Structures are given as C-alpha cells and as structure tokens.
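Heads up, the thing below is written out as structure tokens.
The values are calculated or read from the model by the stated rules, or taken from the named source; none is laboratory data. Please read all numbers here as calculations on a predicted model, not as lab measurements. No Cβ is skipped: glycine too gets one built from the backbone with ideal geometry, and neighbour counts run over all protein chains shown. Each accessible area value is taken on the protein alone, full model and side chains, heavy atoms only, with ligands, DNA and RNA left out. Shrake-Rupley method; radii C 1.70, N 1.55, O 1.52, S 1.80 Å.
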Amino acid sequence: MSESSVSSLLERVSAQCRSVAAAPEKRSIETNELVWSLPGFGAGTQICTSFGYLPIEALRRRDPVKTRDGRFLKVQHVDKVMLDRRYLLNNPDAQPISILTSGLAANVPNRPTLVSGGLKIRSPGKFDQGSGQLAETYLGLSKVSRKHHGYFSYYVFHCGVPCTINANGLWVDLDPKIAISPDD
C-alpha cells in the first residue's frame with residue numbers, strides 16, 4: 001500500500017472519529033459504539049499457519065492459515081497501518097490493548113499480546129459462541145489494559161471469507177468486510 005493511500009485511509013478514519021466526538025448526543029451507551037474499529041495485531045503476534053506459528057510481520061499473501069474448523073485458508077490481504085504520535089493523541093481508542101499471558105484463561109494467550117480494540121476475540125472455553133467479543137470489552141480484567149504508545153503499527157489481514165484463526169493462543173474472528181481498505 002502506498003504512502004498516500006495509507007495517509008488517505010488514516011484521514012478517513014480520523015474524520016470518522018472527529019464526527020463521533022463532535023456529536024456525542026447521537027452516541028448511546030446501549031449500542032457500545034466503538035470509534036476505532038480496525039481489527040489489528042501488534043508486532044510479534046504468532047499466527048498459526050500450515051508450517052507452524054509465524055510472526056505476523058512475516059505473513060504474506062497466499063500463506064495458508066489454519067482456521068478453528070481445521071481448514072487452511074490462504075491469506076488474501078495483508079496490510080501494515082502505522083500510527084504516529086499526533087494521531088494516537090487525538091484518537092485514544094486507537095491505542096493498543098495489552099493482554100498479558102493467561103489474561104483470559106490458563107495459557108490464553110500463551111504470550112503477551114497487543115491487539116486493537118476492534119478485534120473480535122472468542123471467549124476461551126465457550127465453543128458454542130456465535131462470534132467473538134471486541135477486545136475492548138475485556139478491558140477491566142486484571143491482565144488486560146490499554147498500552148499507550150507514541151507510535152504504533154497494526155498488522156491487518158484476512159483470508160477472503162469470514163473465519164476464526166489462532167493468534168498467540170487466542171481464537172480471533174476475521175472478516176474481510178471490516179479489514180479491507182476502500183482502495184482494494
């Protein structure tokens with residue numbers, strides 16, 4: 001993705017954030033509306049692939065990713081979204097969420113993990129769960145908190161169809177409709 005398209009993507013997301021902040025009367029507590037909705041992972045997150053766990057930074061198009069139902073789906077889109085200090089100061093919901101080792105259950109995740117608040121994580125041990133909960137909803141647990149950074153990069157990918165993948169022992173829902181940029 002070119003620098004200008006990354007810049008335009010950030011401008012569109014920032015414009016949405018400002019419009020929500022400028023009109024708080026439209027935002028209701030019941031809807032739990034999230035300002036930052038991009039589902040992303042921090043560097044170092046290990047993704048389960050057909051050749052073992054791979055750091056997300058090394059993930060490429062066509063790499064086979066193992067899904068929760070045992071299939072291997074090929075990565076269709078990979079992107080890196082870099083956020084600078086000014087953007088993170090103006091949009092605090094874009095700051096990553098830190099989930100420490102065993103923050104959600106025993107050995108889940110299996111290492112400290114940074115994710116965006118818009119990532120959908122399935123609750124450990126709930127196999128009949130229809131879909132994951134936003135990472136933001138786990139804030140308040142003793143091992144889950146906002147991790148403030150001056151600069152941060154999210155890695156975003158999808159496999160072309162909605163699926164659930166394993167990242168550091170977390171089962172995460174991926175949806176191409178959310179992760180794809182308007183320029184694709």
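Observations on the model:
- Residue in segment 113-131 that is modelled with pLDDT of 95 or more and out of contact with any helix residue (DSSP H, G or I) (no Cβ under 8 Å at 6 or more places or on another chain) present: yes
- Residue among 93, 69 that alone is charged (D, E, K, R) and part of a helix (DSSP H, G or I): 93
- Pair list, Cβ < 6 Å and 6+ apart or interchain, from segment 123-145 residues that are β-branched (Val, Ile, Thr) to residues that are modelled with pLDDT of 80 or more: 144/99; 144/103; 144/138
- Test result for residue 125, in a loop (DSSP other than H, G, I, E, B) and open to solvent by less than 30 Å² (accessible area, probe 1.4 Å): no
Per-residue answers, yes or no, for (1) in contact with a Phe, Trp or Tyr (Cβ under 7 Å, 6 or more places away or on another chain); (2) modelled with pLDDT of 95 or more; (3) open to solvent by 80 Å² or more (accessible area, probe 1.4 Å); (4) within 23 Å of residue 137 (Cβ to Cβ):
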{"site": "9", "(1), (2), (3), (4)": "no, no, no, no"}
{"site": "14", "(1), (2), (3), (4)": "yes, no, no, no"}
{"site": "25", "(1), (2), (3), (4)": "no, no, yes, no"}
{"site": "28", "(1), (2), (3), (4)": "no, no, no, yes"}
{"site": "41", "(1), (2), (3), (4)": "yes, yes, no, yes"}
{"site": "62", "(1), (2), (3), (4)": "no, yes, yes, no"}
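- Just one residue in the set 137, 67, 113 is in contact with a Cys (Cβ under 6 Å, 6 or more places away or on another chain) and surrounded by 15 or more Cβ atoms within 10 Å (Cβ to Cβ); that residue is 67.
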